[in-house]
Amino acid sequence: MKNKITNVQGFRDFLPAEKKKRDLIQNTITKIFETSGFLALETPVLEKQELLLGKYGEDADKLIYKFEDNGGRAVGLRYDQTVPSARVISQYKNDLPKFFKRYQIQDVFRAEKTQRGRYRQFKQCDIDIYGSNSPIVDAEILAVVYNCLRAIGLDKVKIKINDRQILIKYLSQYANSVVDVMSIIRTVDKLDKITELDAKKELVMKGLSEDNVNSLLFDIINADISDELQNIIDYATYLGVPNGVIEYTSILARGLDYYTGMIFEVTSDYYEHGSLGGGGRYDNLINNLVGVDVPAVGFAFGFDRLIEACEITGIFNNMLNEPKIMVTVMDNLLKESLSVIKILRQNSIKSSIYSDYTDKLSKQLSYANKNNFDYVIILGEQEVEEGTVTVKNMVTGESEKVIVQQVVTYFRNLKY
Ligand code: AMP
């Protein structure tokens, strides 16, 4: 027997039932992004290595898929959407508005160790605002993130927030010639994943004295919020984020190097396999890339984790309660069946037609049963003569005759 070929680990297939849920959530997010004035952007999956490398920090650099293309060029798969977008901003600067609000929903690729909530190809839903360093836009990003979560129906959410400048203020004094402040921040970032003891060990290994490690952890755990960050939180509240959702967290660090101001992560009590999204302000990234000074702030939803959280909370049970309808088909009554399906679809009633008119009615009904159709619309000779259809409820087994002209009203008035 031939070896079965399966998908590559960490790169997943989504069968129709799963894809449907994903599309529902993606559409909800897209709607909120659009309502908030963000414009869609798409960028290619491959970027030059010179763009990708050295932007995320050394840990993340190791996770970038890099290879030579067929022409010997050094390329890589996009690791996120922030860096490719920064390239777009610099490349098309004159064609874009001064304050450019863009959203981007695409897959990104990371050569991670796979586990629940950690994949090698996964979708990110990004929003970013370019061209302004006003706290209003930081607050706007927070509000849009909250509105998405609300529209999806995910509750028990927290937006944990901090300011890179707070971390730098409290931690810079501990940096030395072998450990820079970013390296310290990267270890602090792990405090919610590893124990405090392991974090201390890591910092000592990096080259700090034990006393300094104890003292720096004490400092950062007790660090006060900055006025700038408090302002952002206040504006976000005016924009509708309820009190208590945003939570100042002085040890939140976000591993990526490029953040310069506000940093934040979204979590839900329902989901314990990592954050549902993260973002922040990164005012120097575009300047570092191409020497153009464009301040920026943004956020990425980790879409796959969001879907898993929705699954856990049962959100899909409410969203997917549209009935599945199948119309039977007989070879001598083909025209009538096609006409019923036409009427249903013209009226946006989702329906399928059985796909082989040579099969007996009993076979068609058992197919409907096996594939979880809720209703079957049967058209036999008697029905056609009467100008009716028989609607069979596959859950209760009950049938009733409905006049063809009233089929649409019948399904519209059903209580699910
Ligand atoms: P980052 O670009 O690292 O800030 O990640 C933003 C969001 O993407 C995170 O909050 C996660 O929700 C999600 N994410 C990051 N890495 C993965 C992964 N390997 N698999 C699935 N989701 C991920």
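The values are calculated or read from the model by the stated rules, or taken from the named source; none is laboratory data. Bear in mind that the values here come from a model prediction, so they are computed numbers and not experimental data. Every residue, glycine as well, gets a Cβ built from its backbone with ideal geometry; the counts of neighbours run over all protein chains shown.
Annotations
- Tabulated pairs, segment 203-214, first crowded, with 16+ Cβ neighbours inside 10 Å, second assigned to a helix (DSSP H, G or I) and among the polar types (S, T, N, Q), C-beta under 6 angstrom, 6+ apart or interchain: L203/T187; K206/S183
- A residue that is within 30 Å of A309 (Cα to Cα), in contact with a Cys (Cβ under 9 Å, 6 or more places away or on another chain) and either in a loop (DSSP other than H, G, I, E, B) or at pLDDT 95 or above (or both) cannot be found anywhere in segment 65-74.
- All positions within segment 52-84 that are in contact (Cβ under 8 Å) with a residue 60 or more places away in the chain and either more than 16 Å from the ligand (Cβ to nearest atom) or out of contact with any Lys or Arg (no Cβ under 6 Å at 6 or more places or on another chain) (or both): K55, Y56, G57, D59, A60, D80, Q81, T82
- Test: residue in segment 134-141 that is at pLDDT 95 or above, more than 16 Å from the ligand (Cβ to nearest atom) and among the hydroxyl-bearing types (S, T, Y): yes
- You will find that of V329, V290, V340, V294, the residue that is more than 15 Å from the ligand (Cβ to nearest atom), over 22 Å from F109 (Cα atoms) and touching a Gly at 6+ places or on another chain (Cβ under 7 Å) is V294 and no other.
- All positions within segment 81-99 that are touching an Asp or Glu at 6+ places or on another chain (Cβ under 8 Å) and either in a loop (DSSP other than H, G, I, E, B) or farther than 20 Å from L53 by Cβ (or both): Q81
- Scanning segment 297-311 for residues that are within 14 Å of the ligand (Cβ to nearest atom), assigned to a helix (DSSP H, G or I) and touching a helix residue (DSSP H, G or I) at 6+ places or on another chain (Cβ under 9 Å) gives F303, D304, L306, I307, A309, C310.
- Subset tally (residues that are assigned to a loop (DSSP other than H, G, I, E, B) and away from the ligand (no atom under 11 Å from the Cβ)) for segment 252-281: 8
- Flag for C125 being within 12 Å of the ligand (Cβ to nearest atom), under 20 Å from K31 (Cβ atoms), crowded, with 19+ Cβ neighbours inside 10 Å and not polar (S, T, N, Q): yes
- Lone unmet requirement of (1) more than 16 Å from the ligand (Cβ to nearest atom); (2) among the charged types (D, E, K, R); (3) at pLDDT 95 or above for R87: (3)
- Neighbours by Cβ (under 6 Å, 6+ apart or cross-chain): first from segment 387-416, within 18 Å of E336 (Cα to Cα) and without any contact (Cβ under 8 Å) to a residue 60 or more places away in the chain; second of a type in the set (S, T, Y) and part of a strand (DSSP E or B): T390/S399; V391/Y375; K392/S399; K401/T388; K401/T390; I403/T388
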